[in-house]
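Structure first, then comments.
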């Protein structure tokens, strides 16, 4: 090792952020292993590298004892005092045992250690950077497709998009740019592994935070998200400021904001719902785009009975029950949807198809569900 090598360590410290003292200590530890591997492992040796000149020496350390049992590890007090009269029992005497041809081994060993430490440090830096970004959104380029796994280049590292985290109707090709949600960052023997998702509800939340300044600034709050990736999502929003329309803020001028998110998600439909602390109102809003006539709730069972116009029933339930299912997921309530005619039918006496129940008769079965009489009258 020489001055050029020392200067190189200084540059590594500056550019890679690895303290040179850590490198020196790692080199010294590696030199000890190299010496023992090539010149015998029975001795107690230490290695020192001069921080200024790069000069290296290997020292054999022997314990000062009265009677020698192992000459490779011990030295008599008499012999020690010949070197330096101040030595006492229990102290260590150091002898330089640097082999003449050790320079080549030392240089090779030092290079291997530095390369290894740089690699470890870079892995640690990448892990620290991305582990703090779990739950965040990243933009990357599809680098390669292996089987059903997609590898996304994030610049410093590749992220893994597993089949379970892929949108079923999306097709991924090399060089495609996409946004993904960081689900987990793992430490492995081969370095950090970053798992990303295109189906996670958090992706939709982060996209709205990026696209809608009012959400980013905290003026509009996202209260809940229900998502069936690639098909349809519902997002509930709210603002404490009465002058701010949370739904309009998310939709944007002429729908520009929400359309930008829909485009990123390759056409996934998004219903933006006004959140309400009143269960009836929230359930009614969540069933959008269907129009609702009445909602009655049972707070103990956390269930909601919904009446919709006949022509709105299929829209309220949705294709294969999707709209009702997402509403239940968004609100946390069990949803039972009936059409107006189905609801009226249960009050008609047998054989009297023309019978029209009174309002009181219609409401009687739902009396135990009504939370606020005044609200229902209105």
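The values are calculated or read from the model by the stated rules, or taken from the named source; none is laboratory data. Small disclaimer: the values here were computed from a predicted structure and weren't measured. Note that we place each Cβ from the backbone using ideal geometry, even for glycine, and neighbour counts take in every protein chain shown.
Is it the case that residue 93 is assigned by TED's automatic domain parsing to the domain that holds residue 37, crowded, with 17+ Cβ neighbours inside 10 Å, modelled with pLDDT of 85 or more and more than 32 Å from the chain's Cα centre (by Cα)? Let's see the steps before the verdict.
Working: assigned by TED's automatic domain parsing to the domain that holds residue 37: yes; crowded, with 17+ Cβ neighbours inside 10 Å: yes; modelled with pLDDT of 85 or more: yes; more than 32 Å from the chain's Cα centre (by Cα): yes.
Yes.
In the set 4, 25, which member is assigned to a helix (DSSP H, G or I), farther than 16 Å from residue 105 by Cβ and modelled with pLDDT of 85 or more? Walk me through it before giving the result.
Details: 4 fails: modelled with pLDDT of 85 or more.
Exactly one of 4, 25 is assigned to a helix (DSSP H, G or I), farther than 16 Å from residue 105 by Cβ and modelled with pLDDT of 85 or more, namely 25.
So, in the range 169-200, exactly how many residues are over 29 Å from residue 124 (Cα atoms) and outside any loop (DSSP other than H, G, I, E, B)?
Final tally of qualifying residues: 0.
Residues checked against (1) out of contact with any helix residue (DSSP H, G or I) (no Cβ under 7 Å at 6 or more places or on another chain); (2) surrounded by 13 or more Cβ atoms within 10 Å (Cβ to Cβ); (3) more than 30 Å from residue 60 (Cα to Cα):
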{"position": "121", "(1), (2), (3)": "no, yes, yes"}
{"position": "127", "(1), (2), (3)": "yes, yes, yes"}
{"position": "167", "(1), (2), (3)": "yes, yes, yes"}
{"position": "171", "(1), (2), (3)": "yes, no, yes"}
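So residue 61 fits all but one of (1) modelled with pLDDT of 85 or more; (2) outside any helix (DSSP H, G or I); (3) touching a helix residue (DSSP H, G or I) at 6+ places or on another chain (Cβ under 6 Å); what number is the exception?
Against the list (1) modelled with pLDDT of 85 or more; (2) outside any helix (DSSP H, G or I); (3) touching a helix residue (DSSP H, G or I) at 6+ places or on another chain (Cβ under 6 Å), residue 61 comes up short only on (3).
So for the range 86-107 (the condition being at positive phi, touching a strand residue (DSSP E or B) at 6+ places or on another chain (Cβ under 8 Å), in a loop (DSSP other than H, G, I, E, B) and free of Cβ contacts under 8 Å to residues at least 60 places away in the same chain), does at least one residue qualify? Break it down into steps so the answer makes sense when it comes.
Initial filter on the range 86-107 (at positive phi): 90.
Among the residues that remain, those that are also touching a strand residue (DSSP E or B) at 6+ places or on another chain (Cβ under 8 Å) are: 90.
Now drop any that are not in a loop (DSSP other than H, G, I, E, B), which leaves 90.
The next check asks that each one be free of Cβ contacts under 8 Å to residues at least 60 places away in the same chain; those that pass are 90.
Yes, the range 86-107 contains a residue that is at positive phi, touching a strand residue (DSSP E or B) at 6+ places or on another chain (Cβ under 8 Å), in a loop (DSSP other than H, G, I, E, B) and free of Cβ contacts under 8 Å to residues at least 60 places away in the same chain.
Specify the residue that is farthest from residue 180 (Cα to Cα); the eligible residues are those in the range 133-156 that are in contact with a strand residue (DSSP E or B) (Cβ under 9 Å, 6 or more places away or on another chain) and part of a loop (DSSP other than H, G, I, E, B). Before the answer, list the steps.
From the range 133-156, those in contact with a strand residue (DSSP E or B) (Cβ under 9 Å, 6 or more places away or on another chain) are 133-145, 149-155; that's our starting set.
Adding the requirement that they be part of a loop (DSSP other than H, G, I, E, B) leaves 133-136, 154-155.
Values: 133: 12, 134: 11, 135: 10, 136: 9, 154: 10, 155: 14 Å.
Filtering the range 133-156 for residues that are in contact with a strand residue (DSSP E or B) (Cβ under 9 Å, 6 or more places away or on another chain) and part of a loop (DSSP other than H, G, I, E, B), the one farthest from residue 180 (Cα to Cα) comes out as 155.
Check off (1) more than 16 Å from residue 137 (Cβ to Cβ); (2) modelled with pLDDT under 95 for residue 151 and give me the number that stays unchecked.
Of (1) more than 16 Å from residue 137 (Cβ to Cβ); (2) modelled with pLDDT under 95, only one is false for residue 151: (2).
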